[in-house]
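Worksheet: the structure to be examined is printed underneath.
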Amino acid sequence: RRSLGGGAGMNALRNALARVPRSGAARALSSGAALSDAAVLDKLASGQIAFHKLEAELGDPVRAMRIRREHIKAKVGPGKESDGVDALPSDALDAAGFYGQVDGACCENVIGYVPLPVGTVGPYNIDGKDYYVPMATTEGALVASTHRGARAISLSGGAHTELLQDGMSRAPALALPSLEAAAQLKRWLEDPNSMDELQEAFSSTSRFGRLVGVKVGLAGKYAHVRFKCFTGDAMGMNMVSKGVNVVTQKIIDRFPGTELLGLSGNMCTDKKPSAINWIDGRGKSVAAEAVIPGSVVASVLKTTPEAIGRLNMHKNLVGSALAGSIGGQNAHASNILTAIYLAAGQDPAQNVESSTCLTLCEAMPPKEPGGESSLYVSCTMPSIEVGTVGGGTSLTAQAACLGLMGVKGAGATPGANSQQLAKIVCASVMAGELSLLAALSVNHLVSAHMALGRRDRK
């Protein structure tokens with residue numbers, strides 16, 4: 001574990017905490033209840049109090065939440081990540097500000113809001129940098145389990161991620177006079193020499209949008225044209241729809257008798273399971289991997305590389321094959337992805353395709369005689385649909401969660417922030433996959449949920 005740093009930084013933190021209001025009467029019979037906030041922070045920094053056990057140690061969930069925020073701010077240091085913690089609401093709602101942001105942008109016929117608790121996973125080392133990943137969920141044990149997986153990966157050198165491709169798609173459905181006409185359209189659209197003309201029409205609607213590919217599916221005289229487009233830091237559905245609408249008009253002008261049946265013809269494919277998204281990808285295609293030494297698997301995950309590898313094969317590969325699953329070769333990718341989506345202002349309905357994931361776990365033999373075995377784990381996710389501008393990302397709490405991860409708003413390079421968010425999502429899914437598979441391999445799933453998700457509420 002890393003310390004908080006020098007004495008000056010700690011003194012500033014103690015002064016800040018002196019101004020943090022306390023909750024009402026603490027329900028504390030625990031050893032940490034009598035400690036000052038600064039003393040609790042010292043124990044957090046030294047590892048004497050576990051990050052996830054603050055509530056139990058202090059007996060006061062409100063105080064635990066506030067101290068945890070200050071601990072994260074001290075760990076990440078001054079900057080946009082720390083500002084994100086400050087901006088995340090933790091008590092009263094700014095009703096005028098919130099409903100003003102919602103009006104005309106996020107919801108209609110508004111009658112209130114639904115509060116969701118936000119937990120954090122971290123510090124999680126992803127590509128050499130520590131992140132605190134916000135997750136909004138009401139499923140007890142989910143954050144704790146993902147945090148455990150992230151800890152095991154971080155102790156092993158961290159997660160490595162790669163962006164494989166980036167392109168949002170929209171596929172209008174067109175009717176042509178005949179099969180011959182539809183085939184001619186297909187050949188023209190898929191001819192590389194046509195791309196400049198198509199790109200000129202598409203880019204006339206956006207500064208950041210760029211057409212990157214076209215694929216045409218035919219059903220007799222009907223054509224479904226799947227346009228794939230780069231959309232910068234926006235998730236991009238509106239941007240792509242505007243551009244494709246203009247391109248479609250050019251098609252109609254060039255091929256007389258063509259009729260637009262609908263701007264979305266379901267070969268996109270948005271918010272529905274599909275083989276085309278699983279094979280060709282939609283949004284960001286990302287993969288993550290890590291190698292966990294056997295000693296870390298034993299100490300943190302309480303199992304062995306061999307047990308996880310065997311279970312993954314029979315559950316995620318064989319079981320999913322027997323079920324005929326498309327993109328469901330994973331334990332619970334949707335759980336982690338959706339919790340991050342809710343926290344970070346993404347479209348939660350897109351978890352259908354975004355959470356498609358292939359999880360691999362393989363026990364690796366010792367590198368030398370007498371050495372320890374290790375566990376190779378990876379997650380490949382071809383359709384992570386995320387953005388850091390537009391939609392729900394502009395709401396105060398959701399923008400704060402993006403800020404906590406250092407990806408709020410547009411990046412210095414178009415697309416950089418949304419691509420990094422997709423990498424964080426994939427790495428976080430991998431942490432959640434690892435921890436759940438570990439629990440299942442030693443039959444700890446039920447006991448963990450009973451301990452963390454079934455508190456007696458007297």
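A few notes on this one:
- For Lys367, the conditions (1) outside any helix (DSSP H, G or I); (2) out of contact with any Ser or Thr (no Cβ under 8 Å at 6 or more places or on another chain); (3) surrounded by fewer than 21 Cβ atoms within 10 Å (Cβ to Cβ); (4) modelled with pLDDT of 95 or more are fulfilled apart from (4).
- A single entry from Glu55, Glu81 fulfils the requirement of being of a type in the set (Asp, Glu), assigned to a helix (DSSP H, G or I) and in contact with a strand residue (DSSP E or B) (Cβ under 8 Å, 6 or more places away or on another chain): Glu81.
- Residue-level check: of (1) at pLDDT below 90; (2) part of a helix (DSSP H, G or I); (3) closer than 22 Å to Pro123 by Cα, Asn15 misses just (3).
- Candidates Arg170, Arg187, Arg207, filtered to the one that is closer than 13 Å to Val244 by Cβ, more than 21 Å from the chain's Cα centre (by Cα) and among the basic types (Lys, Arg): Arg170
- Residue in region 383-405 that is over 29 Å from Met237 (Cβ atoms) and of a type in the set (A, V, I, L, M, F, W, C) present: no
- Within region 292-316, the set of residues being open to solvent by less than 30 Å² (accessible area, probe 1.4 Å), under 20 Å from Val429 (Cβ atoms) and not in a loop (DSSP other than H, G, I, E, B) comprises Ile292, Val296, Val297, Val300, Pro305, Ile308, Gly309, Asn312, Asn316.
- Pick from region 177-187, criterion within 21 Å of Gly213 (Cα to Cα) and free of Cβ contacts under 8 Å to residues at least 60 places away in the same chain, ranking: surrounded by the most Cβ atoms within 10 Å (Cβ to Cβ): Ala182
- Gly370 passes every criterion in (1) within 25 Å of Thr304 (Cβ to Cβ); (2) in contact with a helix residue (DSSP H, G or I) (Cβ under 9 Å, 6 or more places away or on another chain) apart from (2).
- Subset of region 47-60 that is under 18 Å from Ala141 (Cα atoms) and small (Gly, Ala, Ser) - its residue that is least open to solvent (accessible area, probe 1.4 Å): Ala50
- From the options Ala136, Ala201, Ala159, residue that is closer than 27 Å to Glu259 by Cα and either small (Gly, Ala, Ser) or open to solvent by 10 Å² or more (accessible area, probe 1.4 Å) (or both): Ala201
- Hey, Gln346 in contact (Cβ under 8 Å) with a residue 24 or more places away in the chain, in a loop (DSSP other than H, G, I, E, B) and either crowded, with 23+ Cβ neighbours inside 10 Å or not charged (D, E, K, R) (or both) or not: yes
- Whenever a residue of region 44-58 is farther than 18 Å from Ala34 by Cβ, its partners that are in a helix (DSSP H, G or I) and among the small types (Gly, Ala, Ser), lying with C-beta atoms within less than 8 angstrom and at least six residues away or across chains, give the pairs Ala45/Ala74; His52/Ala144.
- In this entry, Gly387 passes the filter for residues that are crowded, with 24+ Cβ neighbours inside 10 Å, part of a loop (DSSP other than H, G, I, E, B), touching a residue at least 24 places away in the same chain (Cβ under 8 Å) and in contact with an Asp or Glu (Cβ under 7 Å, 6 or more places away or on another chain).
- When region 91-116 is filtered for residues that are open to solvent by 40 Å² or more (accessible area, probe 1.4 Å), within 21 Å of Gln346 (Cβ to Cβ), in a helix (DSSP H, G or I) and of a type in the set (A, V, I, L, M, F, W, C), only Phe98 remains.
- Only one of the listed residues (Leu44, Leu88) is under 18 Å from Ala344 (Cβ atoms) and either open to solvent by less than 50 Å² (accessible area, probe 1.4 Å) or modelled with pLDDT of 95 or more (or both). That residue is Leu88.
- Selected residue (criterion: most open to solvent (accessible area, probe 1.4 Å)) from residues of region 390-417 that are under 27 Å from Asp280 (Cα atoms) and among the β-branched types (Val, Ile, Thr): Thr413
- Qualifying residue in region 281-291 (condition: surrounded by 15 or more Cβ atoms within 10 Å (Cβ to Cβ), in contact with a strand residue (DSSP E or B) (Cβ under 8 Å, 6 or more places away or on another chain) and among the basic types (Lys, Arg)): yes
- Region 323-336, subset free of Cβ contacts under 8 Å to residues at least 40 places away in the same chain and part of a helix (DSSP H, G or I), residue surrounded by the most Cβ atoms within 10 Å (Cβ to Cβ): Ser334
- The requirement of being outside any loop (DSSP other than H, G, I, E, B), in contact with a helix residue (DSSP H, G or I) (Cβ under 8 Å, 6 or more places away or on another chain) and open to solvent by less than 20 Å² (accessible area, probe 1.4 Å) is not satisfied by Ser320.
The values are calculated or read from the model by the stated rules, or taken from the named source; none is laboratory data. A quick note: this is a predicted structure, and the numbers were derived from the prediction, not measured. Positions of Cβ are generated from backbone atoms using ideal geometry, with glycine treated the same way; all protein chains shown enter the neighbour counts. Please note that ligands, DNA and RNA were not included when accessible areas were found on the heavy atoms of the full protein model with its side chains. Shrake-Rupley method; radii C 1.70, N 1.55, O 1.52, S 1.80 Å.
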